[in-house]
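Let me begin by presenting the structure, written as structure tokens, before commenting on it.
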Amino acid sequence: MSWGAELWDQFDNLEKHTQWGIDILEKYIKFVKERTEIELSYAKQLRNLSKRYQPKKNSKEEEEYKYTSCKAFLSTLNEMNDYAGQHEVISENMTSQITVELARYVQELKQERKSHFHEGRKAQQHIETCWKQLESSKRRFERDCKEADRAQQYFEKMDADINVTKADVEKARQQAQIRHQMAEDSKADYSSVLQKFNHEQHEYYHTHIPNIFQKIQEMEERRIVRIGESMKTYAEVDRQVIPIIGKCLDEIVKAAESTDQKNDSQLVIEAYKSGFEPPGDIEFEDYTQPMKRTVSDNSLSNSRGEGKQEHKPGGKSKGKLWPFIKKNKGATPEDFSNLPPEQRRKKLQQKVDELNKEIQKEMDQRDAITKMKDVYIKNPQMGDPASLDHKLTEVGQNIEKLRLEVQKFEAWLAEVEGRLSARNEQIRRQSGVYDAQNPPSVNNCAQDRESSPDGSYTEEQSQESEVKVLATDFDDEFDDEEPLPAIGTCKALYTFEGQNEGTISVVEGETLYIIEEDKGDGWTRIRRNEDEEGYVPTSYVEVYLDKNAKGAKTYI
């Protein structure tokens, strides 16, 4: 079974087939390379996953890992880290033992194939040249024979004509002899060329082409053997890490079996046991007999406690709503304009910091590529410097885009900070005027509220607010329909769209009544008219509390 004997006339098809074989080998190399990339990516994701769920140092999470279930989970995370390392080993071994070796072999294979087919084409060109020489000699012999025949016929015609001179007849005879001699010479040359061509043709089909095709066949068979060996290596690389992966899984099972539910239950008792005795039975209180009650701090507290245990059916609750718990399902604007000014400033600053980090990352990447390009320029055998130009251009474009994004967010940030500064200046100016018109204690309370967005305030103010809350709740217990009194006014500094339940929309510059102060959660309860009331962000309004109007000034 020899290609030289069986496929002597299939030079073009063998050329296509061997090229297809090289394409198959390159396709397999690409497959293995992508597998190594997947293994690296998978290992990286596993490591990141393990790292993300590791307990943070000096945090509450670290205290939770005293439980056996949490310890088992921590062991699982550590084993997953080792598990990821084995996938990195797979990637490294496949790269070194398959991808690199096959890539080198493909280059050698291409050179060998090129050499064989170059030799085959050279032999083809030689036999084609011999064939052309044969055809040329044959045509010349044919032409000379025809010329000789015509010269002989002309001589015979001249010789038979009695009117032709003897000199003309002699001339025709000599011409015929010359033509006959040329024909004989052409015949001999044709015979020699034909004999030479037959020898060359025999050598071409029985020696040169079989030898060349035999070499091509051996080259192709070596390629097949090589790709088979690479496939075995592919399986062995996976097989080598199976024992270590099995150990990782065994450790996970061992950690799972080490969990102790009784021990964890005891730890819960030790962590949360208060040591108090359970309360006794509640005595029956008879309300059928008329009695007089004296309102005191204790009775007020008890009334509030009992009232909170039982809701009145159908009553209108005046307790505080929590509109900020319900999330707005609408899309968040890019400039965070849906947030209060201070929160918006923090979000914009955070976005600017993130973009700057991305810019720094891209610049580091650009520096690394530039250094690599310099290495390629100094050592061309390591790589083509021009191949990195596209990557450099791409990184430069990314940096420019990120810088434009930073400029956009910095412009929004400057706008917000400018408005906040102007607002604070306006508050200071108005507070000076308000000090002259109102008692200092009220103004100080308003300023403290404005300057403390986290809701912190002094002990004296806290006690006053607590009395107000108690009084309001106490009134609500006995008179659900009475509206809350206005305790001051406010002016809207910004427009607020109250889209959530419990909020109210306000327009910049609008004046409204305050019926409940900010309790430290960043919201103030206001009223526009009898039927319109709700909560607005405290940072959106300027508060003027009226101490004399507390409990007496009601909006109707």
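The values are calculated or read from the model by the stated rules, or taken from the named source; none is laboratory data. Quick caveat, the model's predicted, so the values are computed rather than measured. Positions of Cβ are backbone-derived with ideal geometry, glycine not excepted, and every protein chain shown enters the neighbour counts. For accessibility, only protein heavy atoms count, side chains too; no ligands or nucleic acids. Shrake-Rupley method; radii C 1.70, N 1.55, O 1.52, S 1.80 Å.
Structural remarks
- Qualifying residue in the stretch 199-218 (condition: touching a Cys at 6+ places or on another chain (Cβ under 7 Å) and assigned to a helix (DSSP H, G or I)): yes
- Hey, THR259 assigned to a helix (DSSP H, G or I) and polar (S, T, N, Q) or not: no
- Number of the exception - GLY280 against (1) part of a helix (DSSP H, G or I); (2) open to solvent by less than 90 Å² (accessible area, probe 1.4 Å): (1)
- Long-range neighbours under 8 Å by Cβ, at least six apart or interchain, first residue on the phi > 0 side of the Ramachandran plot within the stretch 387-404, second small (Gly, Ala, Ser): none
Yes or no, residue by residue, for (1) modelled with pLDDT of 95 or more; (2) small (Gly, Ala, Ser); (3) surrounded by 13 or more Cβ atoms within 10 Å (Cβ to Cβ); (4) under 30 Å from THR18 (Cβ atoms):
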| site | (1), (2), (3), (4) |
| --- | --- |
| GLN217 | no, no, yes, yes |
| ASP238 | no, no, yes, no |
| ILE245 | no, no, yes, no |
| ALA256 | no, yes, yes, no |
| ASP260 | no, no, yes, no |
| ASP264 | no, no, yes, no |
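- Any hit, the stretch 546-554, residues being modelled with pLDDT of 85 or more and among the charged types (D, E, K, R): no
- Residue match in the stretch 156-173 (condition: touching a residue at least 24 places away in the same chain (Cβ under 8 Å), part of a helix (DSSP H, G or I) and surrounded by fewer than 17 Cβ atoms within 10 Å (Cβ to Cβ)): no
- So PHE336, is it at pLDDT below 80 and in contact with a strand residue (DSSP E or B) (Cβ under 8 Å, 6 or more places away or on another chain): no
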